[in-house]
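Below: the structure, in structure tokens.
Just so it is clear, none of the values below were taken in a lab; they were calculated from the coordinates. Given the structure is predicted, the values throughout are model-derived calculations rather than measurements. Note that each Cβ is placed from the backbone with ideal geometry, even for glycine, and that neighbours are counted across all protein chains shown.
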Amino acid sequence: MTTIEKITMIEITRKIKERAMLVAVQTRNLSRELVEEHLSELEELADTAGADSIFKIIQSKSAIDPAFYIGKGKAEELAQLIRYLKLFNQNQQSIRRSILEREKQKS
């Protein structure tokens, strides 16, 4: 047996940590403290799942927006931020494009 035959191949994998943007809506019937508590719980869940929470956003609205959850303007801001941070891979980019196309059709 040669020296090369004795070498065991070791698989090296690089684990890329997911990054999470935590978003919540504070409505008239929810206190800011409760919303912050829920976001803290969500941050713990993200951490448990292996994700780094890169920021949290709390949007104050009278009611949850049925189309965008956080409202069209805030959704557009997040879309710009996502493009800037380059968080999404190719598959996620195609999903984002279809959402933006739907948004253009509504306008």
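Tell me the net charge near D52. Cut-off is 11 Å between Cβ atoms, D52 excluded, with +1 for each Lys or Arg and -1 for each Asp or Glu. Walk me through the numbers before you get to the answer.
Values: positive: K17, R19; negative: E18, E43, D47.
Around D52, the charge tally is -1.
Quick one: Debye curve from the C-alpha atoms of the stretch 19-106, no solvent, what's log10 I(q)/I(0) at q = 0.15 Å⁻¹?
Here the Debye-derived log intensity ratios amount to -0.66.
Given H placed on each backbone N at 1.01 Å, which residues far from Q26 in sequence or on other chains put an amide H within less than 5 Å of it?
For Q26, the qualifying residues are Q59, S60, K61.
Using alpha-carbon pairs under 8 Å, 6+ residues apart, how would you state the relative contact order of the stretch 19-106 in percent?
Details: 71 pairs, mean separation 27.5, N = 88.
Dividing the mean separation by the residue count of the stretch 19-106 yields 31 percent.
Can you spot the aspartates and glutamates whose alpha carbon is less than 15 Å from K74's alpha carbon? Ignore those fewer than 8 places along the same chain.
Answer for K74, where 15 Å is the Cα cut-off: D65, E103, listed by chain and number.
Using amide H atoms built in the peptide plane, which far-off residues or other-chain residues are under 5 Å from G71 H to H?
The answer is D65.
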